[in-house]
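As structure tokens, the structure follows; a few thoughts come after it.
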Protein chains: 2
Amino acid sequence: MKTWRVLLLGFGTVGQGVAERLRDGATELAAGGLDARIVGVIDPALGSIASAEGLDPGQLLDLANRSGSLRDYPGATLAGSGADAIEAIDADVVFEMTPTNLVDGGPGLQHVRTALGLGRHVATTNKGPVALAWSELAELARANDVQLRCEGTVMSGTPLLNVCDGGLAGAGVYGVRGILNGTCNFVLSRMEAGVDYDEALAEAQELGYAETDPSGDVEGWDAAAKVAILGNLVLGGALTLSDVSREGIVGIGKGDVRSAARQGTRLRLVGSVRAVDGTVVEPKVGVEELSLDDPLAAVCGPANLLTFETEALGPVSIAGPGAGRAATGHALIADLLTIHRQVGS
Amino acid sequence: MKTWRVLLLGFGTVGQGVAERLRDGATELAAGGLDARIVGVIDPALGSIASAEGLDPGQLLDLANRSGSLRDYPGATLAGSGADAIEAIDADVVFEMTPTNLVDGGPGLQHVRTALGLGRHVATTNKGPVALAWSELAELARANDVQLRCEGTVMSGTPLLNVCDGGLAGAGVYGVRGILNGTCNFVLSRMEAGVDYDEALAEAQELGYAETDPSGDVEGWDAAAKVAILGNLVLGGALTLSDVSREGIVGIGKGDVRSAARQGTRLRLVGSVRAVDGTVVEPKVGVEELSLDDPLAAVCGPANLLTFETEALGPVSIAGPGAGRAATGHALIADLLTIHRQVGS
């Protein structure tokens with residue numbers, strides 16, 4: 001059994017989700033032939049440590065939650081940050097889990113570039129690098145004979161991108177269409193129940209679905225990044241975020257929602273992209289008025305659903321969580337398992 | 001690129017679906033590193049032929065549809081049937097696509113036994129062998145170091161079993177629950193629209209959803225076989241069909257459907273099975289009264305949907321076709337791709 005040496009970039013919600021999955025699912029992973037060892041954690045708030053012998057996920061979680069610092073981990077060496085640390089810590093795969101920056105990719109983009117350039121496989125939950133610089137990064141991965149995977153960028157760990165490499169391979173996927181932003185769907189669902197836009201958005205923030213600055217969600221940026229990612233990863237495109245036609249839910253009022261209901265329809269923020277003769281066309285996010293028998297119309301609250309249009313199977317829909325600690329942590333484990341299978345043990 | 005020599009057992013709807021996928025998706029499959037060559041076709045009606053150089057899928061389809069016989073395929077040798085033919089034709093993988101027999105497994109069970117015993121990988125759409133003799137066959141596959149895969153036995157080619165090996169691996173799946181029989185769901189849906197049971201069943205037969213003898217569907221046998229398969233393949237059980245508690249839709253009247261509707265619920269034939277502490281428990285099929293916000297209640301007509309209960313992701317639902325020529329044909333291609341990935345090229 002090959003031991004995969006994993007470097008964690010970020011030990012917030014997602015990084016801790018990974019540690020929990022490794023702690024709780026170790027037996028199941030070992031049964032699948034996978035042995036993963038955390039050889040380093042780099043976090044701006046909790047500190048950065050490394051150990052070639054491996055860091056115990058349970059102990060990392062304890063330290064993070066009890067002392068708010070990883071620096072006291074017995075026997076670990078202190079590590080630096082950024083590119084230097086990625087270079088210094090000898091890992092097979094880097095989990096890039098820093099926050100998404102959709103303007104210029106932020107530190108995450110540099111992390112991914114550095115890691116791929118060093119010949120490390122990368123799994124990321126960060127939408128920035130994949131939505132903004134996919135072509136460059138995919139080429140860099142090819143040139144260094146490593147994989148760049150990003151299951152966690154769309155619907156957290158719900159199996160989508162790994163299904164396209166797996167059970168849907170050969171089915172002729174030619175389009176995707178989905179409810180890709182839980183905050184917007186929650187707000188639209190609440191407005192259907194008679195709540196005002198502002199009130200619904202405040203509820204979403206209270207429940208932790210929306211950020212303090214919700215513009216990334218309600219202006220459609222988050223869903224547009226996911227459309228770019230799906231167009232690239234599922235349909236073989238070379239999109240960047242600016243290629244995606246984008247409309248959010250800002251400006252939608254209770255009147256619009258009520259008028260849709262009167263006509264037996266529902267408003268949903270839908271992201272979609274298609275391929276025609278091998279060319280990726282019409283990447284877009286917008287509010288659509290859906291008939292009630294459309295599976296996307298049935299998605300209520302913060303749920304997410306993606307439909308693949310396929311030649312062999314017709315539409316295949318997958319519904320699952322769009323966020324969450326364990327769910328997003330699973331995404332990285334799933335990506336590592338795919339790398340393990342594809343690269344060989 | 002490894003060439004996989006494939007023997008087709010059966011060249012009816014499913015076998016022809018495979019040939020169509022190989023003909024139409026050859027480029028896509030080759031891009032995934034897969035080269036499949038049909039080295040034999042065994043069919044009781046169309047005749048049995050073999051060719052080590054490979055049989056062209058398009059030409060096989062033409063012959064089957066134009067002359068009703070494969071025997072005129074230029075350059076092919078005539079082959080026998082059953083175990084002798086499986087032994088005589090040198091193949092890497094056998095696609096077992098004969099009709100399901102849930103009483104004793106029928107010829108399909110013998111085919112699978114023979115093929116595994118000869119060290120051939122097997123992919124099957126035949127529920128009989130897997131629902132009746134999984135433990136024996138899985139052991140036989142292990143002993144001969146080959147794979148036995150059966151994506152097409154549940155929801156045709158909709159990615160389910162291959163997702164458990166793929167994107168859901170490590171997610172801690174502990175239960176499955178779904179609408180697994182399109183005929184029953186169609187009949188219940190039509191009864192909601194005010195149609196009588198007998199009339200709805202006749203419609204299902206006219207539309208090709210139900211067999212002339214619909215007892216396998218309406219008495220719950222088909223769904224029960226799928227529950228046994230899911231319990232074995234997804235949860236690691238050792239179930240046979242007789243372990244599944246089974247109830248069909250026979251005896252459900254318009255009054256029952258109407259009374260459910262008055263209470264804001266819907267009747268659905270639900271199959272489910274769970275694992276508790278590693279033990280598979282409560283495999284069952286029965287009519288359940290579901291609240292309208294249950295995703296299974298939203299499944300109407302001949303559609304199918306399966307929900308995986310997972311530790312990491314909560315519920316993940318996959319909806320897709322439950323039948324169809326191209327869809328079931330894809331199941332075997334998907335299984336071959338999984339074998340290709342797991343066994344190596």
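The values are calculated or read from the model by the stated rules, or taken from the named source; none is laboratory data. Since we're looking at a predicted model, the values are computed, not measured. In this analysis, Cβ positions are derived from the backbone assuming ideal geometry, glycine residues included, and neighbour counts consider all displayed protein chains.
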Going by the structure shown, is B:Y174 surrounded by fewer than 21 Cβ atoms within 10 Å (Cβ to Cβ), in contact (Cβ under 8 Å) with a residue 24 or more places away in the chain and farther than 29 Å from A:A326 by Cα?
no
Some residue of region B:121-133 being on the phi > 0 side of the Ramachandran plot and either modelled with pLDDT of 95 or more or touching a Lys or Arg at 6+ places or on another chain (Cβ under 6 Å) (or both):
no
If the requirement is being touching a residue at least 12 places away in the same chain (Cβ under 8 Å), within 16 Å of A:D43 (Cα to Cα) and not in a loop (DSSP other than H, G, I, E, B), which of these qualifies: A:G128, A:G108?
A:G108
Would you mind finding the one in B:H340, B:H330 that is more than 7 Å from every other protein chain (Cβ to nearest Cβ), part of a helix (DSSP H, G or I), at negative phi and not hydroxyl-bearing (S, T, Y)?
B:H340
Evaluate region B:129-136: report whether one residue or more is buried (at least 21 other Cβ atoms within 10 Å of the Cβ), within 22 Å of B:D35 (Cβ to Cβ) and away from chain A (no Cβ under 14 Å).
no
Which residues, counting only those in region B:230-271, are among the β-branched types (V, I, T) and more than 12 Å from B:P283 (Cα to Cα)?
B:V234, B:I249, B:V250, B:I252, B:V257, B:T265
Quick check: anything in region B:2-10 among the hydroxyl-bearing types (S, T, Y), modelled with pLDDT of 95 or more and in a strand (DSSP E or B)?
no
Any idea which of B:G251, B:G264, B:G236 is on the phi > 0 side of the Ramachandran plot and within 14 Å of chain A (Cβ to nearest Cβ)?
B:G236
For B:D335, the lone unmet condition from (1) away from chain A (no Cβ under 12 Å); (2) within 20 Å of the chain's Cα centre (by Cα); (3) among the acidic types (D, E) is (1)
Could you list all residues from region A:190-213 that are surrounded by fewer than 21 Cβ atoms within 10 Å (Cβ to Cβ) and of a type in the set (S, T, Y)?
A:Y197, A:T212
Among B:A200, B:A141, the single one that is over 30 Å from A:M155 (Cα atoms), touching a Lys or Arg at 6+ places or on another chain (Cβ under 6 Å) and not charged (D, E, K, R) is B:A200
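For every residue, the table says whether it meets (1) buried (at least 23 other Cβ atoms within 10 Å of the Cβ); (2) basic (K, R); (3) within 24 Å of A:G33 (Cα to Cα).
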site: B:D256; (1), (2), (3): no, no, no
site: B:V299; (1), (2), (3): yes, no, no
site: B:F308; (1), (2), (3): yes, no, yes
site: B:A312; (1), (2), (3): yes, no, yes
site: B:G322; (1), (2), (3): yes, no, no
site: B:A326; (1), (2), (3): yes, no, no
site: B:D335; (1), (2), (3): yes, no, yes
site: B:Q342; (1), (2), (3): no, no, yes
Can you give me the number of residues within region B:288-327 that are touching a residue at least 24 places away in the same chain (Cβ under 8 Å), facing another protein chain (nearest Cβ under 9 Å) and either touching a His at 6+ places or on another chain (Cβ under 7 Å) or part of a loop (DSSP other than H, G, I, E, B) (or both)?
6
Test B:L148 against the criterion of being more than 14 Å from chain A (Cβ to nearest Cβ) and either out of contact with any Leu (no Cβ under 8 Å at 6 or more places or on another chain) or surrounded by 21 or more Cβ atoms within 10 Å (Cβ to Cβ) (or both), and give yes or no.
yes
Among A:A50, A:A45, which is the only one that is crowded, with 22+ Cβ neighbours inside 10 Å, aliphatic (A, V, I, L, M) and more than 14 Å from chain B (Cβ to nearest Cβ)?
A:A50
Scan region B:19-34 and tell me whether some residue there is under 25 Å from A:D165 (Cβ atoms), in the same structural domain as B:A334 (by TED's automatic domain parsing), crowded, with 21+ Cβ neighbours inside 10 Å and out of contact with any Gly (no Cβ under 9 Å at 6 or more places or on another chain).
no
Condition test on A:G286, is it surrounded by fewer than 20 Cβ atoms within 10 Å (Cβ to Cβ), modelled with pLDDT of 95 or more and within 21 Å of the chain's Cα centre (by Cα)?
yes
